[in-house]
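The values are calculated or read from the model by the stated rules, or taken from the named source; none is laboratory data. Please read all numbers here as calculations on a predicted model, not as lab measurements. Glycine gets a Cβ as well: all are built from the backbone with ideal geometry, and neighbour counts include every protein chain shown.
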């Protein structure tokens, strides 16, 4: 009888450890996965994976600039909401029925040497090398399918340090709220965010950034775009005002 209790306690202990460690493991996996796709480091404030409900709630994300840029953050996302398909993931396919991305700020920087932080994206590097801009430059592309993507971009900021120690700063209130369907390429998703952030600003002209080259890789995604309903817009605006508010 004593051995039975020992076995039961051991099993319970293992289950507790797994439950406590799951968020940490998935957080590390997401950070590494984003780095493989973009070429840039991602830092996540907190991540919670629902067990009874297939929801992943991620807060306080920051996509970092390369180390030779004084501004550490390129993209600030207060919250990401992900609805995941567990059976598909167990089968080796990343199927996400719904994803909501809320970008509070997207900061484009030209450093003192005249280098642009956007050029650090792997998709941009591939474009400059004459490769398809949406191809995976780090190996076999992961199988991913996002049924519905809600994208909100608040403000885009351009900082130019090439003219002196104090940067020339320009701000653009983009306030983009759109919904896309059937997104199945992580590189195309990166390009979509960059294109949508810059297309209604003068940044590409100011920096001679080849925005049209990226646009060619997102035609299928943009074709299925639609404006978000007023209810959805209000919900995302609430997220942007309070980075730790619930999106559910």
Could you tell me whether residue 166 is surrounded by fewer than 18 Cβ atoms within 10 Å (Cβ to Cβ), outside any helix (DSSP H, G or I) and modelled with pLDDT under 90? yes
Taking interchain pairs and intrachain pairs at least six residues apart, which have beta carbon atoms under 8 angstrom, with the first residue in segment 157-178 and on the phi > 0 side of the Ramachandran plot and the second assigned to a strand (DSSP E or B) and at pLDDT 90 or above? 175/153; 175/154
Segment 118-132, residues that are under 16 Å from the mean Cα position of the chain (by Cα) and either at pLDDT 95 or above or closer than 17 Å to residue 72 by Cα (or both): 118, 120, 121
Mind listing just one residue for me: the one in segment 50-65 that is more than 11 Å from the chain's Cα centre (by Cα) and modelled with pLDDT of 95 or more and, of those, surrounded by the most Cβ atoms within 10 Å (Cβ to Cβ)? 65
Where in segment 178-248 are there helices (runs of 4 or more DSSP H), lying wholly inside it, with at least 2 residues that are modelled with pLDDT of 75 or more? 186-198, 203-207, 211-215
Within segment 179-206, which residues are under 18 Å from residue 122 (Cα atoms) and touching a strand residue (DSSP E or B) at 6+ places or on another chain (Cβ under 9 Å)? 184, 185, 186, 189, 192, 193, 194, 196, 197, 198
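Would you check which residues across segment 20-72 are in contact (Cβ under 8 Å) with a residue 60 or more places away in the chain and part of a strand (DSSP E or B) and list them?
Step one: filter segment 20-72 for residues in contact (Cβ under 8 Å) with a residue 60 or more places away in the chain, giving 33, 36-40, 55, 57, 59-60, 70-71.
Selection gives 55, 57, 59, 60.
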